[in-house]
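Everything below concerns the one structure shown next.
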Amino acid sequence: MKLSTDMRPVSTDKVIPLGLKINSGSKTIKIVSSSNTLTNNLDAYLFDKNTNTLTKLDEGNSYDLLVDAADLNTTGENRLQVVFKNAGGTNGLSNLKTAENNFTLYPNPATTAINLALTTTHEGENQFSIFDGTGKEVSNGSLDFTASRNHTIQIDTLSNGIYFVKIGNDKILQTIRFVK
């Protein structure tokens, strides 16, 4: 499945809703940004309302999501949105560094624990949430990367499946997919 937008002029704060529908069963969908040719000094972001995840649509960035016909939270006419913001601006989404590799998660797949390692200089307190494939939050907490650049999160109570850990603070935000 390919999605492309035409080159009509877009403005800051423009939102394009994207719907998802599946007749039966469930399917994992990967959205890959192959190019971003926006003019007017704008950046485009993909916002998943179900998992509250924001991904900058730069070339090569990707986003995995689960669509399940039995779970109305994963489908619908307005699950995803493409949002346009001023590049490098100071308000709204544009001051949030998204889809950058600020953290590394290992091992993946994991059985009893995942490790999160800070790979940039953004030390300090970071909040994390773990979501299952349907977008339900199954764990959360905070990790302080000031004293240590590596932290372990126990996942032995989680069922086998696909999960997403969202971690960040008011300056950075990253979502990482992992398998248990």
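The values are calculated or read from the model by the stated rules, or taken from the named source; none is laboratory data. From a predicted model like this one, the values you see are computed outputs, not experimental measurements. In this analysis, Cβ positions are derived from the backbone assuming ideal geometry, glycine residues included, and neighbour counts consider all displayed protein chains.
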- Every residue from region 49-71 that is at pLDDT 75 or above and either basic (Lys, Arg) or touching a Gly at 6+ places or on another chain (Cβ under 8 Å) (or both): Lys56, Leu66, Asp68, Ala69
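Of the residues in region 160-180, how many are in a loop (DSSP other than H, G, I, E, B) and closer than 22 Å to Arg79 by Cα? Show your work before the answer.
If we filter region 160-180 for residues that are in a loop (DSSP other than H, G, I, E, B), which is where we start, we get 160-161, 169-171, 180.
Subsequent filtering for residues that are closer than 22 Å to Arg79 by Cα retains 161.
Residues meeting the conditions: 1.
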- Message: Among the residues of region 131-143, are any in contact with a His (Cβ under 9 Å, 6 or more places away or on another chain) and either exposed (fewer than 13 other Cβ atoms within 10 Å of the Cβ) or modelled with pLDDT under 85 (or both)?
- Response: no
- Task: Among the candidates Thr120, Thr134, Thr157, single out the residue that is polar (S, T, N, Q), out of contact with any strand residue (DSSP E or B) (no Cβ under 8 Å at 6 or more places or on another chain) and in a loop (DSSP other than H, G, I, E, B).
- Result: Thr157
- Item | Residue count for region 134-161, restricted to those that are without any contact (Cβ under 8 Å) to a residue 60 or more places away in the chain, in contact with a Ser or Thr (Cβ under 9 Å, 6 or more places away or on another chain) and β-branched (Val, Ile, Thr) | 4
- Task: Kindly list the number of the only condition in (1) surrounded by 12 or more Cβ atoms within 10 Å (Cβ to Cβ); (2) at pLDDT below 90 that fails for Ile155.
- Result: (2)
